[in-house]
Amino acid sequence: MVLPPDSHFSSADCIEPTLCFTTKKMKIGEKYPLERLPISELIKADHVLVEFTDENLPESEHFTRRHVISGPNTYFSEDNNQIFASVIGYPHVDFVQVQENSALALHVWVEPLFELSKDRMKAYLVVKPLLFNYAILSSEDLYNVITKSGIVVGVDYKQLNVAKKCLQSKALDNDKILVAQGRKPLTGNNAYLKFKFEIGPIAGQLLEDGRIDFRERKIMVPVFKNQIIATKMPPTRGKPGLTVLGERIAQKQGTDITVETDGDVAYDPERNQVCATSDGVLSVVGDNVIKVSSKLEIFGDIDYSTGNIESRNSIVVHGSVLPGFLVKAGGDLEIRGSVMSTQVASLANIVVKGGITGNVSSLSSSGDCDIHFIEQGIIHCHGNCVVRKQSYYSKIYAGGSIRCKENSAVVGGELIAEGSITLGDTGGIGAEPVFIAAGVVAQRIFHSRNLVQRLTDYKKSITQRLKEYRGITRTKKLKIFQGNLEDMKLRNLRINMIPGTGLFSRPVEENGNASSPQVVIQERTEQMGIDISAIAIEVYGTVFAGTLLQIGNQTLKISENMSGQRFMLDDTLNHITAIPLK
């Protein structure tokens, strides 16, 4: 049909094209008698939408063709006299102003019958009221229509029948029906050690159902000479995914591990087996280190009668470690009493059944730490740390996660973990605020604090040095000092706290936004380091106002008391949000 003359759209000086499809305005309903919904026939791919056919009206200086724009899902013929649809769908036309004071241009485009999600993992059939008798859908099988549109993976035949019935019902409401879903890539399994016997629970391990295993850790498991301890299970490749268009999505392959042994144990790489070379007790550090050593037992306290204890073996202390006496173990270390104003260390795991007291007390572990309570002490562990009762004005730094039992309390001090953190009550009325950081490398926090202290000291030195200058010299020196200050500030803001990433983000200038360097950091960490979006701080008790939380590079100060909350980064990874725990 030819475009109808209209005072708003037509021009006496324009040669109008012919529309090769039918459109109409349909009344929405009795409730809105004056409102009408534009509808059109459903056209196939390569259908002519618009063409110039009147050869009796040649173009001239004063009589030109209407300017036509080929919109989405359309294309021009070689002679530019026609516009075709490139997909099956619903054609549309409207008029747009291209240049000021020029005639309106005719904009032609097609809304596809099948709409794809941004990641092309889902395909929807767009249902709209149609004109005429649905010839395309009745003369051709809908499955053939969808495959000709390039949608070849995950087609749901039941949904196609639903869609066909919906189209034939001539519903007036716009709708979308999911008719195909792609196949997500299957991530490969990481390599792991499969033990031949029960080694007991791991401190603070997250179970498959989301609960945390707080059973007491089983350490110093006896083994015998030539006994097979574990078999290394290799990583798997996973399986690639496919979009609904059949495009391949690369999967993430499982990562390998390097099996490390220490003491009376050996690893056979051909058989992937770890065997004991002598009788002893087993220590498992992290995911890949196996130690077998003798067990040393101290039936009492570590005091003047025993002196300091340092051994390459595993140690069991049936009493306490008294002030001033040191204990160092090459294997697991179990203290059934307390640690009082002293230092203990292990190249494996530490279990303290009593308390850790005194502001000079410290625990250092290459594996996990499992303690009852700590007061004014320090813990450094490369694995997980379990606190069963209380942390009072203490500092705990973990290379894994920190797991406090639901009825525990953390008052004052700071807890920093490269993994997630689980808490009971956090903070308290009248107590100093607690600093809780998850998904953070503790050493980088220390580095940032050192830079801040250097900034403070530098500001003081500037004040003193400026007293030596007067006039123009003073002004020049002030500019130099201020420039150095700004460089130090930017350097501090660029420190990337997230494990697995570089110490610094890329220079802020590269992003062109010096006012928000944290955004730059977050952009980089989406593709490197740990999955910061999975890191959480869970508070099963009450987190008191004033508590400072940090996840990755983002911080949040709690303004009012809250209970039963899970704190995580939002979808942008730039803000910490609170979600009620179920």
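The values are calculated or read from the model by the stated rules, or taken from the named source; none is laboratory data. Note that this is a predicted model, so its numbers are computed, not measured. Neighbour counts run over all protein chains shown; Cβ positions are idealised from the backbone, glycine included.
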**Complete:** Going through the range 250-259 in order, the residues found to be touching a Gly at 6+ places or on another chain (Cβ under 9 Å) and either charged (D, E, K, R) or at pLDDT 95 or above (or both) are K252
**Message:** Could you go through the range 254-261 and let me know if any residue there is in contact with a Phe, Trp or Tyr (Cβ under 8 Å, 6 or more places away or on another chain) and in contact (Cβ under 8 Å) with a residue 60 or more places away in the chain.
**Reply:** yes
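Could you run through the range 406-422 and say how many residues are part of a loop (DSSP other than H, G, I, E, B) and crowded, with 19+ Cβ neighbours inside 10 Å? I'd like the intermediate steps shown before the answer.
Quick first cut of the range 406-422, residues part of a loop (DSSP other than H, G, I, E, B) only: 406-408, 412-413, 418-420.
Going one step further and asking which of them are crowded, with 19+ Cβ neighbours inside 10 Å, we end up with 408, 413, 418-420.
So the answer is 5.
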**Item:** Subset of the range 311-331 [charged (D, E, K, R) and modelled with pLDDT under 95]
**Value:** R312
**Message:** Criterion first (closer than 30 Å to K196 by Cβ and assigned by TED's automatic domain parsing to the domain that holds I202) does G286 satisfy it?
**Reply:** yes
**Members of the range 423-482 found to be surrounded by fewer than 15 Cβ atoms within 10 Å (Cβ to Cβ), modelled with pLDDT of 85 or more and part of a loop (DSSP other than H, G, I, E, B), listed by number** = I429, G430, E432
**Request:** Could you check, for the range 250-263, whether at least one of its residues is surrounded by fewer than 13 Cβ atoms within 10 Å (Cβ to Cβ), over 21 Å from K218 (Cβ atoms) and among the hydroxyl-bearing types (S, T, Y)?
**Result:** yes
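Kindly indicate which of G377, G427, G354, G367 is closer than 21 Å to V221 by Cβ and touching a residue at least 24 places away in the same chain (Cβ under 8 Å). Explain how you work it out, then say what you get.
Values: G377 fails: closer than 21 Å to V221 by Cβ; G427 fails: closer than 21 Å to V221 by Cβ; G354 fails: closer than 21 Å to V221 by Cβ.
After applying the criteria, what remains is G367.
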**Message:** Quick check on the range 202-224. Is at least one of its residues loosely packed, with under 15 Cβ neighbours inside 10 Å, modelled with pLDDT of 85 or more and not aliphatic (A, V, I, L, M)?
**Reply:** yes
**Asked** Which ranges mark the strands (runs of 3 or more DSSP E) fully within the range 290-374 that have 1 or more residues being buried (at least 24 other Cβ atoms within 10 Å of the Cβ)?
**Response** 314-317, 327-329, 333-335, 343-346, 350-357, 362-365
**Prompt:** Can you name the residue in the range 533-570 that is in contact (Cβ under 8 Å) with a residue 12 or more places away in the chain, part of a loop (DSSP other than H, G, I, E, B) and within 16 Å of the chain's Cα centre (by Cα) and, of all such residues, is nearest to G430 (Cα to Cα)?
**Reply:** A536
**Request:** Restricting attention to the range 210-234, report how many residues are within 27 Å of the chain's Cα centre (by Cα) and part of a loop (DSSP other than H, G, I, E, B).
**Result:** 4
**Asked** When you go through (1) assigned by TED's automatic domain parsing to the domain that holds R215; (2) within 20 Å of E414 (Cα to Cα) one by one for H380, which number turns out not to apply?
**Response** (1)
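Do we have any residue at all in the range 102-118 that's without any contact (Cβ under 8 Å) to a residue 40 or more places away in the chain, closer than 19 Å to D141 by Cα and not aromatic (F, W, Y)?
To start, the set of residues in the range 102-118 that are without any contact (Cβ under 8 Å) to a residue 40 or more places away in the chain comprises 102, 105, 107, 109, 111-112, 117-118.
Among the residues that remain, those that are also closer than 19 Å to D141 by Cα are: 112.
Still in the running and not aromatic (F, W, Y): 112.
So far as the range 102-118 goes, yes, one or more of its residues are without any contact (Cβ under 8 Å) to a residue 40 or more places away in the chain, closer than 19 Å to D141 by Cα and not aromatic (F, W, Y).
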**Item:** Selected residue (criterion: farthest from T236 (Cα to Cα)) from residues of the range 257-289 that are of a type in the set (S, T, Y) and outside any loop (DSSP other than H, G, I, E, B)
**Value:** S283
**Message:** When you scan the range 140-150, do you find a residue that is in contact with a Phe, Trp or Tyr (Cβ under 9 Å, 6 or more places away or on another chain), in a strand (DSSP E or B), modelled with pLDDT under 90 and under 30 Å from F21 (Cα atoms), even just one?
**Reply:** no
**Asked** Taking the range 273-286 as the region of interest, how many residues are more than 39 Å from the chain's Cα centre (by Cα) and buried (at least 17 other Cβ atoms within 10 Å of the Cβ)?
**Response** 3
**Item:** When residues of the range 573-582 are limited to those that are in a loop (DSSP other than H, G, I, E, B) and without any contact (Cβ under 8 Å) to a residue 24 or more places away in the chain, the one farthest from E414 (Cα to Cα)
**Value:** K582
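What about A266, is it outside the structural domain of V155 (by TED's automatic domain parsing), surrounded by 19 or more Cβ atoms within 10 Å (Cβ to Cβ) and farther than 26 Å from R336 by Cα?
On the way: outside the structural domain of V155 (by TED's automatic domain parsing): yes; surrounded by 19 or more Cβ atoms within 10 Å (Cβ to Cβ): no; farther than 26 Å from R336 by Cα: yes.
No.
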**Number of the condition not met by V50 [criteria: (1) at pLDDT 90 or above; (2) crowded, with 17+ Cβ neighbours inside 10 Å; (3) assigned to a strand (DSSP E or B)]** = (1)
**Asked** Within the range 95-109, how many residues are exposed (fewer than 10 other Cβ atoms within 10 Å of the Cβ) and hydrophobic (A, V, I, L, M, F, W, C)?
**Response** 0
**Asked** Any idea which of V289, V360 is among the β-branched types (V, I, T), under 41 Å from the mean Cα position of the chain (by Cα) and over 28 Å from K225 (Cα atoms)?
**Response** V360
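Residue by residue, here is whether (1) touching an Asp or Glu at 6+ places or on another chain (Cβ under 7 Å); (2) at pLDDT 85 or above; (3) outside any loop (DSSP other than H, G, I, E, B) holds:
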position	(1), (2), (3)
A45	no, yes, no
D54	no, no, no
P58	no, no, no
H62	yes, no, no
Y75	no, yes, yes
E78	no, yes, no
F84	yes, yes, yes
V93	no, yes, yes
